[in-house]
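Undergrad: First the structure, then my questions, so here it is.
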Amino acid sequence: MSEPAAESSRDFAAAPDAFQRLWTPHRAVYIEKGQGAHDDDCPFCSAPDKTDEEALIVARGVHAYVLLNLFPYNPGHLLVCPYRHVASYDRATPEEVAEIGSLTQAGMRVLTDVSRAQGFNIGMNQGTVGGAGIAAHLHQHVVPRYGGDSNFFPIIAETKAVTQLLGDVRIAVAEAWPSSPAGESPNP
Ligand SMILES: [Zn+2]
């Protein structure tokens, strides 16, 4: 497994830096949850209230966060969700769209680094008829694709139970993730 590249981490930190000046992260999250009809039964609403380990969260942004899919299509399968309970991509705010995009990019770089992913499938299933498992809360899939067997995630996938695998994958991805744009601890 390769070490996180210092050079790419600096690149990541530079892009979302503008958010620091424009937003108070905790307040923004609180307000958006209030406006977005926080649904206690929605796993993507409740996940951010849990620890990173419990919720399989690998990164927390200002408007959106990233967690491992509990039912991965491939090891390392990430979901990028806005904190706000919003179903449709065309109802996401420009800030949410921007951060879902930047977190998706960061996820691709991290997975390329730590698991040597050779390709990706990225996208959103919109609405139940569109194939969304949790249709009420927007989430972008980032699915790494592997051409061969000699990479980290598939190897542990073959030798460990699913919960153990997810925990190990979460640690690997979270540790390789660039610094939080808001300067928050990634493990509150
Ligand atoms: Zn929700």
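Undergrad: Among the residues of the range 35-64, write down those that are within 13 Å of the ligand (Cβ to nearest atom), farther than 17 Å from residue 141 by Cβ and of a type outside the set (A, V, I, L, M, F, W, C).
TA: Within the range 35-64, 35, 36, 38, 39, 40, 41, 46, 48, 49 meet the criteria.
Undergrad: Same structure again: With respect to residue 25, determine if the residue is buried (at least 16 other Cβ atoms within 10 Å of the Cβ), touching a Gly at 6+ places or on another chain (Cβ under 9 Å), closer than 24 Å to residue 121 by Cα and at pLDDT below 75.
TA: no
Undergrad: Out of the residues in the range 65-101 meeting the condition of being crowded, with 20+ Cβ neighbours inside 10 Å and assigned to a helix (DSSP H, G or I), tell me which one is nearest to the ligand (Cβ to nearest atom).
TA: Among them, the one singled out is 96.
Undergrad: Please go through (1) modelled with pLDDT of 95 or more; (2) crowded, with 19+ Cβ neighbours inside 10 Å; (3) of a type outside the set (Val, Ile, Thr); (4) within 15 Å of the chain's Cα centre (by Cα) for residue 181 and return the number of the only condition it doesn't satisfy.
TA: (1)
Undergrad: Can residue 135 be described as touching a helix residue (DSSP H, G or I) at 6+ places or on another chain (Cβ under 6 Å), of a type outside the set (Phe, Trp, Tyr), at pLDDT 80 or above and assigned to a loop (DSSP other than H, G, I, E, B)?
TA: Spelling it out, residue 135 is indeed touching a helix residue (DSSP H, G or I) at 6+ places or on another chain (Cβ under 6 Å), of a type outside the set (Phe, Trp, Tyr), at pLDDT 80 or above and assigned to a loop (DSSP other than H, G, I, E, B).
Undergrad: I'd like to know if the range 111-119 contains one or more residues that are within 21 Å of residue 47 (Cβ to Cβ) and touching a residue at least 60 places away in the same chain (Cβ under 8 Å).
TA: yes
Undergrad: Is it the case that the range 147-157 has a residue that's more than 20 Å from residue 177 (Cβ to Cβ), modelled with pLDDT of 85 or more and of a type in the set (A, V, I, L, M)?
TA: no
Undergrad: A follow-up question, please. Within the set of pairs 6 or more residues apart or between chains, which connect a residue that is at pLDDT 95 or above inside the range 90-102 to a residue that is in a helix (DSSP H, G or I) and not hydrophobic (A, V, I, L, M, F, W, C) with Cβ atoms less than 6 Å apart?
TA: 102/16
Undergrad: Which one of these is in a strand (DSSP E or B), closer than 25 Å to residue 135 by Cβ, modelled with pLDDT of 75 or more and of a type in the set (Val, Ile, Thr): 58, 62?
TA: Going through 58, 62 in turn, the sole match is 58.
The values are calculated or read from the model by the stated rules, or taken from the named source; none is laboratory data. Computed from a predicted model, the values in this text were never measured in an experiment. Glycine also receives a Cβ, built like all others from the backbone with ideal geometry; neighbour counts cover every protein chain displayed.
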